[in-house]
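A quick write-up on the structure given underneath.
The values are calculated or read from the model by the stated rules, or taken from the named source; none is laboratory data. Predicted, not measured: the structure shown is a model, and the values here were computed from it. With ideal geometry, Cβ positions are generated from the backbone for all residues, glycine too; neighbour counts draw on all protein chains shown.
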Amino acid sequence: MGASLRYISQRYVMPYPELKAILTDIGTEELAHLEMISALVYQLTRNLTPEQIKAGGFQDYFINHTTGIFPQDASGVPFSALTIASTGDPLADLHEDLAAEQKARITYDNILRYATDPEVRDAIKFLRQREVVHYQRFGEALRITTDHLDSKNFYALNPAFDKPV
């Protein structure tokens, strides 16, 4: 959810149409990833018994949400819009996006270290591969941005806001 909101929010200030398109495409795809993860979690938890919930350490979550889908991290920290980075500076935002995709890939790598169900593993492998593709696309976006910079405007001006003199 955070990635989708970040990318869709950032697209408005991107100074080049190609960047807007990349952010729109990836932001929209991230919504589909949220749907996939939610469906996966629901399928894994919908028929748990109270004993299984307790044995799995999910009793605190269950008290508040039963087996409903609630956006939080593995430590139980709920999603917050405070985690969305959108500075209005294309270079800063694209570097943040590259880092976010790498962090998502690492999360999927870690899930694969624990997941044993082949269907869960297949879904996570698919999502992991998409993070790699997103990282590559953001690399392209960064190249497009830096190609528009020159010796008079190399990290000196925000092309989405400042106009060269």
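Among the residues of region 7-31, the ones that are under 25 Å from PRO71 (Cα atoms) and aromatic (Phe, Trp, Tyr) come to 1 in all. Output yes when any residue across region 33-54 is over 30 Å from GLY139 (Cβ atoms), among the polar types (S, T, N, Q) and modelled with pLDDT of 95 or more, and no when none is. No, region 33-54 contains no residue that is over 30 Å from GLY139 (Cβ atoms), among the polar types (S, T, N, Q) and modelled with pLDDT of 95 or more. For region 69-78, the criterion of being under 22 Å from VAL120 (Cα atoms), loosely packed, with under 15 Cβ neighbours inside 10 Å, aromatic (Phe, Trp, Tyr) and out of contact with any helix residue (DSSP H, G or I) (no Cβ under 8 Å at 6 or more places or on another chain) is satisfied by no residue at all. With respect to (1) under 19 Å from ILE111 (Cβ atoms); (2) at pLDDT 90 or above; (3) surrounded by 15 or more Cβ atoms within 10 Å (Cβ to Cβ), the lone exception for ASP93 is condition (1).
Cβ separations smaller than 6 Å between residues 6+ apart or across chains give the following pairs from region 21-50 residues that are closer than 18 Å to LEU5 by Cβ to residues that are among the basic types (Lys, Arg) and modelled with pLDDT of 90 or more: ILE22/ARG137; LEU23/ARG11; THR24/ARG11. Could you tell me whether any residue of region 95-113 is more than 16 Å from the chain's Cα centre (by Cα) and over 16 Å from PRO15 (Cα atoms)? Yes; the residues of region 95-113 include at least one that is more than 16 Å from the chain's Cα centre (by Cα) and over 16 Å from PRO15 (Cα atoms). Only residues that are farther than 30 Å from ASN64 by Cβ and assigned to a loop (DSSP other than H, G, I, E, B) were counted in region 74-101, giving 3. Residues that are assigned to a loop (DSSP other than H, G, I, E, B) and among the hydrophobic types (A, V, I, L, M, F, W, C) were ranked within region 55-73; the one that is nearest to MET14 (Cα to Cα) is PHE70.
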